[in-house]
Amino acid sequence: MQELNLPNYSLKLKKEGNKTFIFDPIRKKYLVLTPEEWVRQNFIQFLIQKKGYPASLIAVEMGIDVLNTKKRCDIVLFNNDGKAHIIVECKAPSIKIAQDTFDQIARYNMTLKTDLLIVTNGLQHFTCIMDHENKRYQFLKEIPEYKR
């Protein structure tokens, strides 16, 4: 798989026939290794190992309802009170991060109302802090570390 703009992590891979699978420690199962899954699993490790987020506060492929349509958030991080705090949208490295990606995560946030939005393709990472009161957001220079 493609090298990412993230630290290297020891991820569990296995081959079955001509398919490669990657282990998701949050969902506790092997998944088909796609470029997007490669980004998602590396980013999960980055959040846990580098930024200190507890695995117990992370949900992966979490289903939500957006305007009566079922959607799935790639990664949702919760605070200690059980409230969604961060949404992460992962794209394959070949996908350019563009306005439509931000529009997608903003639609998800209409339901979850998180404080932070992160968009990554494994090569570029964008983090926005939300100002819900004024209906604006501001880009941050880096992804914040976990705070108890």
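I'd like the full set of residues that are of a type in the set (A, V, I, L, M) and within 16 Å of Glu145 (Cβ to Cβ), limited to the range 33-74. Talk me through it step by step, then tell me what you get.
Residues of the range 33-74 of a type in the set (A, V, I, L, M): 33, 39, 44, 47-48, 55, 57-60, 62, 64, 66-67.
Selection gives Ile44, Leu47, Ile48, Ala55, Leu57, Ile58.
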**Study point:** Residues that are in contact (Cβ under 8 Å) with a residue 24 or more places away in the chain, more than 20 Å from Ser94 (Cα to Cα) and part of a loop (DSSP other than H, G, I, E, B), drawn from the range 6-30
**Key:** Tyr9, Leu11, Pro25, Ile26, Arg27
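When you scan the range 88-107, how many residues do you find that are assigned to a helix (DSSP H, G or I) and out of contact with any Leu (no Cβ under 7 Å at 6 or more places or on another chain)? Spell out how you get there, then give the answer.
Here is the first cut: in the range 88-107, the ones assigned to a helix (DSSP H, G or I) are 99-107.
From what's left, out of contact with any Leu (no Cβ under 7 Å at 6 or more places or on another chain): 99-104, 106-107.
Number satisfying all stated conditions: 8.
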**Study point:** Matching entry among Tyr53, Tyr9 (being among the aromatic types (Phe, Trp, Tyr), surrounded by 16 or more Cβ atoms within 10 Å (Cβ to Cβ) and at negative phi)
**Key:** Tyr53
Review point. Looking at (1) within 17 Å of Ile75 (Cβ to Cβ); (2) crowded, with 16+ Cβ neighbours inside 10 Å, which is the only condition Arg107 fails?
Key: (2)
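Matching residues to (1) farther than 19 Å from Val39 by Cα; (2) of a type in the set (A, V, I, L, M):
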| residue | (1), (2) |
| --- | --- |
| Cys73 | no, no |
| His85 | yes, no |
| Cys90 | no, no |
| Pro93 | no, no |
| Lys96 | no, no |
| Lys135 | yes, no |
| Ile143 | no, yes |
Check your understanding: Which pairs have Cβ atoms under 6 Å, sit 6 or more apart or on different chains, and link a residue in the range 92-106 that is under 19 Å from Phe43 (Cα atoms) to one that is at pLDDT 90 or above and surrounded by fewer than 16 Cβ atoms within 10 Å (Cβ to Cβ)?
Key -> Ile97/Gln124
Check your understanding: Condition test on Leu77, is it in contact with a helix residue (DSSP H, G or I) (Cβ under 7 Å, 6 or more places away or on another chain), assigned to a strand (DSSP E or B) and within 16 Å of Gln41 (Cα to Cα)?
Key -> yes
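Restricting to the range 61-77, what's the tally of residues that are surrounded by 14 or more Cβ atoms within 10 Å (Cβ to Cβ), aliphatic (A, V, I, L, M), farther than 16 Å from Leu116 by Cα and touching a residue at least 24 places away in the same chain (Cβ under 8 Å)?
Restricting attention to the range 61-77, the residues satisfying the condition of being surrounded by 14 or more Cβ atoms within 10 Å (Cβ to Cβ) are 61-62, 64, 66, 71, 73-77.
Okay, now just the ones that are also aliphatic (A, V, I, L, M), so 62, 64, 66, 75-77.
Now narrow it down to the ones that are farther than 16 Å from Leu116 by Cα: 62, 64, 66.
Next cut, touching a residue at least 24 places away in the same chain (Cβ under 8 Å) only: 64, 66.
Residues flagged as surrounded by 14 or more Cβ atoms within 10 Å (Cβ to Cβ), aliphatic (A, V, I, L, M), farther than 16 Å from Leu116 by Cα and touching a residue at least 24 places away in the same chain (Cβ under 8 Å) within the range 61-77 amount to 2.
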Check your understanding: Which condition does Val39 not pass, out of (1) of a type outside the set (S, T, N, Q); (2) modelled with pLDDT under 95; (3) touching a Lys or Arg at 6+ places or on another chain (Cβ under 9 Å), if it passes all the others?
Key -> (2)
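Take Leu116 and decide whether it is more than 25 Å from Glu3 (Cα to Cα), in contact (Cβ under 8 Å) with a residue 12 or more places away in the chain and touching a Pro at 6+ places or on another chain (Cβ under 9 Å). Break it down into steps so the answer makes sense when it comes.
Details: more than 25 Å from Glu3 (Cα to Cα): yes; in contact (Cβ under 8 Å) with a residue 12 or more places away in the chain: yes; touching a Pro at 6+ places or on another chain (Cβ under 9 Å): yes.
Spelling it out, Leu116 is indeed more than 25 Å from Glu3 (Cα to Cα), in contact (Cβ under 8 Å) with a residue 12 or more places away in the chain and touching a Pro at 6+ places or on another chain (Cβ under 9 Å).
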Check your understanding: Is there any pair linking a residue in the range 31-49 that is in a helix (DSSP H, G or I) to one that is β-branched (Val, Ile, Thr) and surrounded by 21 or more Cβ atoms within 10 Å (Cβ to Cβ), with Cβ under 6 Å and at least six apart or on different chains, and which?
Key -> Phe43/Thr120
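The values are calculated or read from the model by the stated rules, or taken from the named source; none is laboratory data. Quick caveat, the model's predicted, so the values are computed rather than measured. Positions of Cβ are backbone-derived with ideal geometry, glycine not excepted, and every protein chain shown enters the neighbour counts.
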